[in-house]
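The values are calculated or read from the model by the stated rules, or taken from the named source; none is laboratory data. Note that the structure is predicted; figures quoted are calculated from it, not measured. Cβ coordinates were reconstructed from backbone atoms using ideal geometry, including for glycine residues, and neighbour counts include every protein chain displayed.
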Amino acid sequence: LAKTTQPISMDSYEGQEVNITCSHNNIATNDYITWYQQFPSQGPRFIIQGYKTKVTNEVASLFIPADRKSSTLSLPRVSLSDTAVYYCLGPQGNNRLAFGKGNQVVVIP
Amino acid sequence: EPEVTQTPSHQVTQMGQEVILRCVPISNHLYFYWYRQILGQKVEFLVSFYNNEISEKSEIFDDQFSVERPDGSNFTLKIRSTKLEDSAMYFCASSGLAGGGELFFGEGSRLTVL
């Protein structure tokens with residue numbers, strides 16, 4: 001089964017770029033890599049998804065190297081409202097999408 | 001914007017009681033999921049459901065748990081005999097695609113077992 005691993009917590013000042021990396025051990029050929037954001041007492045919310053190289057949307061960028069063994073979520077110019085837990089998500093079977101441990105990002109004024 | 005809705009938002013029950021958590025997925029979605037999050041811990045996969053049957057289930061999803069889509073709109077999670085360790089936030093999600101498609105989550109149902 002594919003396994004996702006993430007570091008635990010990081011602090012950042014407002015306006016800085018935040019990069020969070022996730023390892024994707026044994027990722028399968030057809031698997032996409034997806035990132036979610038979760039605020040306290042709320043359900044996770046989709047941020048971005050990619051297969052390889054770079055994907056960018058209005059919220060974030062996602063960098064996936066050629067071997068696809070890792071991915072990096074990049075949040076440009078974070079604000080206080082970006083304080084949340086960020087999860088990478090990887091398939092572990094036909095229809096089983098498992099979250100990593102999550103990375104708590106705290107944005108400091 | 002379409003959304004996944006869950007009821008109740010909070011339920012308190014006595015150990016050993018049966019609990020049913022309800023979810024209304026987004027109407028044109030075909031894949032349904034339940035996840036659990038114990039306070040302070042990560043979101044854990046419980047079960048996925050497609051075409052009126054379970055696709056995948058985790059080790060957590062033992063015989064005390066069951067899921068059902070009793071009509072065309074609701075998706076329910078039943079815990080037959082609750083234990084203290086079942087206290088958690090339960091999230092329902094739905095997707096229009098299997099595997100790597102975007103999951104849309106509800107706001108969760110908080111279950112407290114006393």
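At a glance:
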item	result
Test: residue in the range B:11-31 that is β-branched (Val, Ile, Thr), assigned to a loop (DSSP other than H, G, I, E, B), touching a Ser or Thr at 6+ places or on another chain (Cβ under 6 Å) and closer than 23 Å to A:Phe46 by Cα	yes
Qualifying residue in the range A:86-109 (condition: more than 14 Å from the chain's Cα centre (by Cα), away from chain B (no Cβ under 11 Å), in contact (Cβ under 8 Å) with a residue 24 or more places away in the chain and not in a strand (DSSP E or B))	yes
Count of residues meeting criterion [in contact with a Pro (Cβ under 7 Å, 6 or more places away or on another chain) and of a type in the set (S, T, N, Q)] in the range B:28-82	1
Qualifying residues in the range B:14-60 (those that are touching a helix residue (DSSP H, G or I) at 6+ places or on another chain (Cβ under 9 Å) and more than 30 Å from A:Ser9 (Cβ to Cβ)) - the one surrounded by the most Cβ atoms within 10 Å (Cβ to Cβ)	B:Val19
Wholly within the range A:28-81, strands (runs of 3 or more DSSP E) carrying at least 1 residues that are away from chain B (no Cβ under 11 Å) and over 12 Å from the mean Cα position of the chain (by Cα)	A:53-56
Evaluation of B:Ala88 against (1) more than 10 Å from chain A (Cβ to nearest Cβ); (2) surrounded by 13 or more Cβ atoms within 10 Å (Cβ to Cβ); (3) over 25 Å from A:Ile8 (Cα atoms); (4) at pLDDT 95 or above (one fails), failing number	(3)
Filter result for B:Glu107 (within 8 Å of chain A (Cβ to nearest Cβ), surrounded by fewer than 18 Cβ atoms within 10 Å (Cβ to Cβ) and under 15 Å from B:Trp34 (Cα atoms))	yes
